[in-house]
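Novice: Below are the C-alpha cells for one structure; questions will follow.
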Amino acid sequence: MYKKIVQYSLVYPQGVEMKNDGKLKTIDLFAGVGGIRLGFEKAKKFKTVFANDFDKTCKDTYDRNFDFPKLDTRSILDVPIEELPEFDLLLGGFPCQAFSIAGYRKGFKDDKGRGNLFFRIAEILGERKPKAFLLENVKNLKGHDKGKTFKIIEKTLTDLGYYTKNEVLNSMTHANIPQNRERIFIVGFRDKKQAENFKFPETIPLKKSFRELTADEADNKYYYNDKPLYKRIKDDIDSEETVYQWRRKYVRANKKGVVPTLTANMGLGGHNVPIIKNHKGIRKLTPRECFLIQGFPDKFKLGHLADSKLYHQAGNSVTVPLIERVAKEMAKVL
Ligand SMILES: C[S@@+](CC[C@H](N)C(=O)[O-])C[C@H]1O[C@@H](n2cnc3c(N)ncnc32)[C@H](O)[C@@H]1O
C-alpha cells in the first residue's frame, strides 16, 4: 500500500508534475464550490492538489474558477485512498445534514449514510497521516445527541494520533462579513507543539453592512412587487437597513445591517432567501449577492445554472474571509 502512495505522490493523477514550491499541499474534500480552498489559497502557504465533491452542479462552478485540479465527482466513498496524491492537510466542510437539527437529529445513523462520511475522513487520516486537518460543520454538531456525537468525533481523531482544538466562530464577529453565521471549526495537528501553539482567530469589529454587498437594482424576477405575497409582507418590511425573511406565515426582521445564516435550502423554491427593500421595491437577494455575503470575490464566476442551484451552492459554502483567517493561524504554526 505504501509503495502505491509513493508512486501516486510523484506524479499527479492526471499526469501533471507538481512543482516543489515549498507550499503545503491540501486536499479539498466535500469541496462544493471551493470556499475552503479560496480561503486557504489566500493564506498563501497552501496549494490544492485534489478536490472532490459528488455534486455535478458544483463542478460547473468549481471548474470555472479553478484551473487545477478539476473537481473529481465520484463519491468520496468510491475514491480509493491510495489514489489520493501526496498531501499535508485534509480540508473538509463535511455534510452537516446528518448532524443538524434540520436533519432530524439522526447523527451517525442517518439512513443516507451522510453521518458516516465523518468516518471516511477518519479512514483517510488514518491511512495517510497528513500533518493537519481542518473540518467545518454546523454549530450544533457539538450539542448533537447530548454531546455524544461530538465526543465520538473527538475520540476518533485523538485515537488517530491528532491533537485537536475546536471553536465556534461567527462570520459577523470574526470575519467582518455581515452574516450571522455560526460554524464549528475543528483543527487537528499530528505535532503536539503545533496544536498547543495554534490559536483560533480573535473577534474583529464588523464594519461592513449588507448594503455594501447588495446592488441598487436587480432583475425584475427578484422583486415581490407584483407577486401575491407582496400584500402580506409590504407593511412589515419597512426599513432599508434591515434584512428580512418570510417564515411561512410571518415576516422576520433580522439584526440591523446583518444577513441571517444563508442556508442550502434557500435553493428549494426560493424559500428562506433573505429579503431587502430599497427605492425600487421589495426583493430577494440575488445568488450573486449571496456569494458576496459569503465573502466570495466579485470576480468569482457563476455559470448559467438555475438560481435554485446557485442559492444552494452559496448557502452550503463557507465564509471565505473567515476560512482565510483560520488558514493563516494554521500557517503560523505549521
Ligand atoms: C456543506 S457542503 C460543503 C461546501 C463547501 N465547503 C463549499 O465551500 O462550497 C457539503 C458537500 O459535501 C458533498 N457530499 C456529500 N456526500 C458526498 C460524498 N459521498 N462524496 C463526495 N461529496 C459529498 C455535497 O455534495 C456538498 O457539496
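The values are calculated or read from the model by the stated rules, or taken from the named source; none is laboratory data. Predicted, not measured: the structure shown is a model, and the values here were computed from it. Cβ coordinates were reconstructed from backbone atoms using ideal geometry, including for glycine residues, and neighbour counts include every protein chain displayed.
Novice: Run residue 66 past the list (1) at pLDDT below 95; (2) within 13 Å of the ligand (Cβ to nearest atom) and report the number of the one that doesn't hold.
Specialist: With (1) at pLDDT below 95; (2) within 13 Å of the ligand (Cβ to nearest atom) applied to residue 66, the lone miss is (1).
Novice: Part of a helix (DSSP H, G or I), aliphatic (A, V, I, L, M) and either in contact with a helix residue (DSSP H, G or I) (Cβ under 9 Å, 6 or more places away or on another chain) or closer than 15 Å to residue 33 by Cα (or both), is that true of residue 305? First the steps, then the outcome.
Specialist: On the way: part of a helix (DSSP H, G or I): no; aliphatic (A, V, I, L, M): yes; either in contact with a helix residue (DSSP H, G or I) (Cβ under 9 Å, 6 or more places away or on another chain) or closer than 15 Å to residue 33 by Cα (or both): yes.
So residue 305 does not fit the description; no.
Novice: Can you tell me how many residues in region 239-259 are among the charged types (D, E, K, R), more than 12 Å from residue 275 (Cβ to Cβ) and surrounded by 11 or more Cβ atoms within 10 Å (Cβ to Cβ)?
Specialist: Residues in region 239-259 being among the charged types (D, E, K, R), more than 12 Å from residue 275 (Cβ to Cβ) and surrounded by 11 or more Cβ atoms within 10 Å (Cβ to Cβ): 3 in total.
Novice: Here is a further query. Within region 10-63, restricting attention to residues that are more than 13 Å from the ligand (Cβ to nearest atom) and in a helix (DSSP H, G or I), which residue is modelled with the lowest pLDDT?
Specialist: In this case the residue turns out to be 10.
Novice: Being more than 21 Å from residue 321 (Cα to Cα) and either outside the structural domain of residue 214 (by TED's automatic domain parsing) or at pLDDT 90 or above (or both) is the filter here, so list the residues in region 255-273 that pass it.
Specialist: 273
Novice: So if I check each of 173, 164, which one is under 20 Å from residue 36 (Cβ atoms), out of contact with any helix residue (DSSP H, G or I) (no Cβ under 9 Å at 6 or more places or on another chain) and at pLDDT 95 or above?
Specialist: On the way: 164 fails: out of contact with any helix residue (DSSP H, G or I) (no Cβ under 9 Å at 6 or more places or on another chain).
Residue meeting the stated conditions: 173.
Novice: Please tell me if residue 291 is modelled with pLDDT of 95 or more and buried (at least 24 other Cβ atoms within 10 Å of the Cβ). If you could, list the steps in order and put the result at the bottom.
Specialist: On the way: modelled with pLDDT of 95 or more: yes; buried (at least 24 other Cβ atoms within 10 Å of the Cβ): yes.
In short, yes.
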